[in-house]
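The values are calculated or read from the model by the stated rules, or taken from the named source; none is laboratory data. Here the structure is a predicted model, which is why all the values come from computation and not from measurement. Glycine gets a Cβ as well: all are built from the backbone with ideal geometry, and neighbour counts include every protein chain shown. Areas reflect the complete protein model, heavy atoms only, side chains present, ligands, DNA and RNA absent. Shrake-Rupley method; radii C 1.70, N 1.55, O 1.52, S 1.80 Å.
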Amino acid sequence: MTRLSVNVNKIATLRNSRGGNNPDLIQVALDCERFGAQGITVHPRPDERHIKYADVYALKEVIKTEFNIEGNPEGKFIDLVKEIKPHQVTLVPDPPGAITSNAGWNTIKYKDFLKDVIRGFKECGIRVSLFVDPVEQMVEGAAEAGADRVELYTEPYAKNFSKDKVKAISEYIVAAQKAASLGLGLNAGHDLDLKNLKYLKDNISNLDEVSIGHALICDALYFGLENTIQMYLKELN
């Protein structure tokens, strides 16, 4: 079974646009769980333009499913994750001003750095996933750095899905097979939606988890949050 982790960053963005606490991020996360989501993902950035560090502490107190924290492993982020001790940390090579994640790690170039960071998180009992492009060498580098999982960056798949879905998914199948052969768990995320999710799931049998935020929240504007989560879960079954 592939688990659905809902990224609630967009809820925080909406809240922050007016100040105050509407919508209530914590309540939305709890409702996502109540509606069937098997995890909650947040991606705090240094400028706290959406998820605030205080949100992460508050969520830690109430989340009953799997808590996944994404981010670039710089000092403040590392300290936060080690203190919170989520079930999973997903390391993403985001520069400070990035609008959203747009590339995976070069796990060969940064292998020594990643080894040190991963070791520190695993000593705290935290599962570590590395955000990577669907390239066999990057998956191999993730294993050599000590990661437990890789998260495949799926924007290229989503972008090319409507043009040629067989071609769009081909490199992801190869990367997934490589992950399985190395004993790595497999996640996926970025621009997955109700149009392309089922095809990804049907063609990658070892997919453990998908993290979806932007498209799911956009769909919820039309279908409602509970119904939308059920729609995404249906695509994963």
Sorted by accessible area with a 1.4 angstrom probe, largest first, how do Phe161, Phe77 fall? Phe161, Phe77
Determine the distance separating the Cα centre of the stretch 44-70 from the Cα centre of the stretch 101-115; give it in Å without decimals. 23
Give me the distance between the Cα centres of the stretch 1-21 and the stretch 151-200, rounded to whole Å. 23
Among the complete DSSP H segments of the chain, which ones combine at least 20 Å of alpha-carbon extent along their axis with a mean Kyte-Doolittle hydropathy of 0.0 or more? 165-181
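Magnitude of the Cβ-charge dipole of the stretch 1-86, K/R +1 and D/E -1, about the Cα centre, nearest 20 debye? Intermediate values should be presented prior to the final figure.
Values: 13 positive and 12 negative charges, 25 e Å.
The calculated dipole for the stretch 1-86 is roughly 120 debye.
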For the chain, modelled as a Gaussian network with Cα springs under 10 Å, which listed residue fluctuates most, Gly104, Gly213, Gly224? Gly224
Percent carbon-and-sulfur accessible area, the chain, ignoring ligands, DNA and RNA, probe 1.4 Å: 51
If you roll a 1.4 Å probe over the heavy atoms of the protein chains, what accessible area per residue do you get for the stretch 1-102, in Å²? 44
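Taking only DSSP H segments of four or more residues, each worth -39500 (n - 2.57), what value at 222 nm results for the chain once the sum is divided by all its residues, to the nearest 500 deg cm²/dmol? Walk me through the numbers on the way to the answer.
Working: 11 runs with 115 residues, N = 237.
Helices in the chain give a 222 nm mean residue ellipticity of -14500 deg cm²/dmol.
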What are the GluC sites (Glu not before Pro) within the stretch 1-94 that DSSP puts in a loop, where the Cβ has at most 12 other Cβ atoms within 10 Å? Glu74
Counting only DSSP loop positions in the stretch 101-145, the trypsin sites (Lys or Arg not before Pro) whose Cβ has at most 12 other Cβ atoms within 10 Å are Lys109
Whether the stretch 1-96 is rounded, prolate or oblate, judged on the alpha carbon gyration tensor where a/c under 1.5 counts as rounded: oblate
Considering only protein heavy atoms, with the full assembly of protein chains and a 1.4 angstrom probe, order Leu14, Leu30, Leu25 by accessible area, largest first. Leu14, Leu30, Leu25
